[in-house]
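Reading through the structure tokens given below for one structure.
The values are calculated or read from the model by the stated rules, or taken from the named source; none is laboratory data. Keep in mind that this is a model prediction, so the values were computed, not measured. Glycine also receives a Cβ, built like all others from the backbone with ideal geometry; neighbour counts cover every protein chain displayed. Note: accessible area is taken over every heavy atom of the protein model, side chains too, but ligands, DNA and RNA are not part of it. Shrake-Rupley method; radii C 1.70, N 1.55, O 1.52, S 1.80 Å.
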Amino acid sequence: MKKHRLVTRRDFLKGSLAAGTAFSLVPRHVLGGEGFTPPSETLGGALIGCGGRGPGTYSEMTKSLQGAGLGLTKLAECDVRWLDRADNKTRYSDFRRVLERTDIDAVAIGTPPHWHALISIAAMEAGKDVLCEKPMTRFIAEGRAVADTARRYGRIFQIGTFGRFSENKNPRSLLTRKIMTSGLLKKCEGVAIKRGGLKVKEWSGYVNARPQAVPPSLDWDLYVGPSQFKPYHPHRVGGTHRGYWDYEGGGLCDMGQHALDPLTYTWGKDHTGPVEIEPHTPPAHHEACGMWGWVELKYADGFTLVLDSAEWGDAWERKKSRGVSVEDLAPEDRDKFKALPDPEPLRTFGEAVKTRLPAGGNAEAAHRTVTVIHLANIAIRTGRKLRFDPEKEVIVGDEHANRIAHQPMRPPWHL
Amino acid sequence: MATSKPNIAELVAQMPATDKEKEALKAAAQQPDQPKPKSEEPVGSKFDAPDPDAARRIGDAILAGGRASLVELIGLIRDPASEDFQDYKAEYLCHCLTLQVGAPDRAEHRRLFIDTLVSQIGNDALPAHTRGFLVRELEWIGDGAAITALGRLLTDERFCDDAARALLAIKEGVVELFRKALAQAAGRCRLVALQSLAVLRDPASSGEFLKGATDGNREIRLAAVWGLARLAAAESVPTVLKAAETRDTWERIKTTQACLLLAENLAAGGRKTDAVKIYTHLRDTRAAPKERYVREIADKALEKLGAGRKLT
């Protein structure tokens, strides 16, 4: 009897909602008809997470949509610190009430990162497009769930970092990307080093922190959300939340996606990940992010990416930075290379919303970038060299490390 | 294994001072004529972790003292909210041991460490904070030997969340513990047990999911419907579709997602007819403009399954 290979759910999802090229989902503002405004006019917007970067993220979303000829009116703002001032008309403390609104088309997310994945997913399930602050996620499994949701619902997701758009206009970066994605490079000797600027000490967490009374305006249970429940301390909220594994992952999570997204774009790593991760670090605290030295990440094709904090221990000095060039290709392959098309321009969020084609910083690409950060942090937290399977997205041969990559969530929240 | 009795308090004291403690010491050294301040309450502060080799040597010294030393170390952990809390050091050092014994070549020490933690998580003489900390360490390092003791905590609201996380991380042999807990649990523990069974895709819990789909508590309903979607049993299609007809908008968003997830799982499992039923229902019932995006997803999926008609 002939055996039929059963299609996996991911295969079915990919096939039925293939990355935008044939997808004809049309947002309500394009449809016309009773109650809808034509595409040249204005979308309804919301900001969820109004502290710190939040307003800046909303502003980026507005500018991007305007650049594509679309207007945006802010209809709602939401923050868990607004129990005392939420009117549930324009100001909310619970993001679910915002997402229930049918007049909102696009959402900017500026909450702490432990909420980024779940709110992005819920917003897309509610039919909204999303511009989400970096880092995209708090742990690896979240990113895959966001990417799957964007495909399932045909929604636009853009991560709130834009360095790859500059690389997309840089001839040297485009040449590197073309070489790396050509399939013609037999072995990559490329080395990219990000040294310093990762705010490791700045975004370290506190120890010896005595719990304090929850401010009456803060919904602490909703703030904690999917993370482990810990007693309230003001250092866990409002920017300094970055110092806690429960909500972020230190300076590496804060700055890493800015630093690495241009690199993963340039080096053609939007659909893969490192296979070996080696840290140089002291033993990490279980709650408070702290100091670390460097992390070396190697890809299967030979590319090496190094994160050197320049704030602890010896510098990474195994190799020097090295690019790739046409000379790295075998002579017989250089003509084939010249015949290949150049990398395409990246779509802004506004262009993606208008055309319903993926944005340049789409969920898959952003997930692959932030996975590098999470792998580095897992290596820092365990203090061990790790191996990663970028196809299955699991850490190989280290069960304890893998538990950090795929974490259960606190009910009622789940991926 | 124990060959000597290390001085645990002295080893703990070797953990670094915090930044604020160092600042205070520096200020005091610069003003030697000033009277020394009375020791103050611990203050939240950043700290620099110890040298890794030094930390490893301290960890090895504690492990050399066997179970008695580990129990003594655990006994030094204090709740930061309590009056007798002094500093982070004992708890941090315990976590350093979790990291140390987690290395592949430390199987014997790992066994000692896990067994000691397991023996202490049910110890009522320890503060709840300490027991909770040990449960969270077992999420990192626990194995099959930990599951019975963790299972006992699933009906204790102080520990059920952390115990569930640890069990879900361990995975092997845990489903029966959640089933047993669900039968006994109330309040938050009930939601934790039910959702954990959904995470585990326990087919034997389908009856609980079907029952939970009409519970008076919205979070129970949502966990139950999600569980049905993950199980991908064709018999659950009517229940999931009915749940998605709710007027509560947040619940409708999430149960619609469950419908799509169920349909994908059924299609991937070769149950095309059942998947078509779900997509057809969504196409036919999501006609209102605000839900048109769902109808379009359904239409596209039906087209792929060869059962579509053009969207009008």
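Can you pull a Stokes-Einstein diffusion coefficient for segment B:103-254 at 20 °C (1.002 mPa s), Rh from Kirkwood over Cα pairs, as a whole number of µm²/s? Translational diffusion coefficient: 131 µm²/s.
Taking the radius of gyration and the Kirkwood hydrodynamic radius from Cα positions alone, what is the Rg/Rh ratio for segment A:357-415, to two decimal places? Could you put the intermediate results ahead of the total?
Numbers: Rg = 13.3 Å, Rh = 12.9 Å.
Over the Cα atoms of segment A:357-415, Rg/Rh equals 1.03.
Loop-located GluC sites (Glu not before Pro) in segment B:126-168 (DSSP state not H, G, I, E or B) with no more than 15 neighbouring Cβ atoms inside 10 Å: B:GLU157. Note on chain A: GNM, Cα springs under 10 Å; of A:VAL237, A:VAL396, A:VAL372, the largest mean-square fluctuation is that of A:VAL396.
Counting every alpha-carbon pair across chain B, the share separated by more than 24 Å comes to 65%.
The mean number of partner chain beta-carbon atoms within 10 angstrom of a residue's beta-carbon across peptide B:71-84 is 1. Within the straight-line cut-off of under 28 Å between alpha carbons, the lysines reachable from B:LYS242 are A:LYS14, A:LYS128, B:LYS211, B:LYS254, B:LYS272, B:LYS277, B:LYS290, B:LYS300, B:LYS304, B:LYS310, sequence neighbours fewer than 8 places apart in one chain being disregarded.
Shape class of chain A from the Cα gyration tensor (axes a ≥ b ≥ c, square roots of the eigenvalues): oblate, since a/c reaches 1.5 or more and a/b does not exceed b/c. Note on A:GLU317 and A:LYS187: the extension gain reaches 44.7 nm, defined as 0.36 nm multiplied by sequence separation minus the Cα-Cα distance.
Give me a single rounded figure for A:207-217: the average over its residues of other chain Cβ atoms within 10 Å of their Cβ. Don't skip to the end; give the middle numbers.
On the way: counts 15, 16, 6, 9, 5, 2, 0, 0, 0, 0, 0.
For peptide A:207-217, the averaged partner shielding equals 5.
The distance between label points at A:ASP87 and A:VAL396 comes to 5.8 nm (points 7 Å beyond Cα on the Cα→Cβ vector).
When both bridge partners sit in the protein assembly as shown, DSSP labels roughly 45% of those beta bridges antiparallel. Cysteines in chain B that lack a partner Cβ within the 4.7 Å cut-off: B:CYS94, B:CYS96, B:CYS259. Indicate the gyration tensor shape class of segment B:157-221 (rounded, prolate or oblate), computed on the Cα atoms with a ≥ b ≥ c the square roots of the eigenvalues: a/c under 1.5 is rounded; otherwise a/b larger than b/c is prolate and the rest oblate. Oblate. Taking 0.36 nm per residue of sequence separation and removing the Cα-Cα distance, the B:ARG218/B:GLU176 pair yields an extension gain of 12.6 nm. Does segment B:191-307 come out rounded, prolate or oblate by the C-alpha gyration tensor, with a ≥ b ≥ c the root eigenvalues, rounded set by a/c under 1.5 and, if not, prolate when a/b is larger than b/c and oblate if not? In terms of gyration-tensor shape, oblate. Loop-resident trypsin sites (Lys or Arg not before Pro) (DSSP state other than H, G, I, E or B) in segment B:25-105 with no more than 12 further Cβ atoms inside 10 Å of their Cβ: B:LYS38.
Quote the charge dipole size of segment B:166-312 about the Cα centre in Debye, to the nearest 20; the model charges only the Cβ of Lys and Arg (+1) and of Asp and Glu (-1).
Working: 26 positive and 17 negative charges, 69 e Å.
Charge dipole of segment B:166-312: 320 debye, to the nearest 20.
Here the extension length gained between B:ALA145 and B:ASP248 equals 32.7 nm, from 0.36 nm per residue of separation less the Cα-Cα distance. To the nearest ten degrees, helix B:218-231 and the longest principal axis of the Cα atoms of chain B are 70 degrees apart. Accessible area buried by the pairing of B and A, both sides summed with a 1.4 Å probe, works out to roughly 6300 Å². Overall size of segment B:122-207 from C-alpha positions, given as principal axis extents largest first: 39, 26, 15 Å. Can you show me the helix-derived [θ] at 222 nm for chain A, built from DSSP H runs with n ≥ 4 at -39,500 (n - 2.57) apiece and divided by the number of residues, rounded to the nearest 500. Using -39500 (n - 2.57) per qualifying helix, the result is -9500 deg cm²/dmol.
Between B:GLU157 and A:LEU174, the simple label model (points 7 Å from Cα in the Cβ direction) yields a spacing of 6.2 nm.
When the trypsin sites (Lys or Arg not before Pro) in segment A:280-321 are filtered for DSSP coil states and for at most 14 other beta-carbon atoms within 10 Å of their beta-carbon, the remaining sites are A:ARG318, A:LYS319, A:LYS320. Expressed as a whole percent, the accessible surface of segment B:196-312 that belongs to carbon and sulfur atoms is 49, based on a 1.4 Å probe. When chain A is treated as a Gaussian network with alpha carbon springs shorter than 10 Å, the biggest mean-square fluctuation among A:CYS289, A:CYS253, A:CYS188 belongs to A:CYS188. The modelled label-to-label distance between B:ALA287 and B:ASP115, using points 7 Å beyond Cα along the C-beta direction, is 6.9 nm. Treating each Cα of the protein assembly as shown as an identical point scatterer and ignoring solvent, apply the Debye formula and state log10 I(q)/I(0) at q = 0.08, 0.11 Å⁻¹. For the protein assembly as shown at q = 0.08, 0.11 Å⁻¹, log10 I(q)/I(0) is -0.67, -1.27. Segment A:370-384: which residues show an accessible-area loss of 20 Å² or more, assembly versus chain alone, 1.4 Å probe? Those residues are A:ARG381, A:THR382, A:ARG384.
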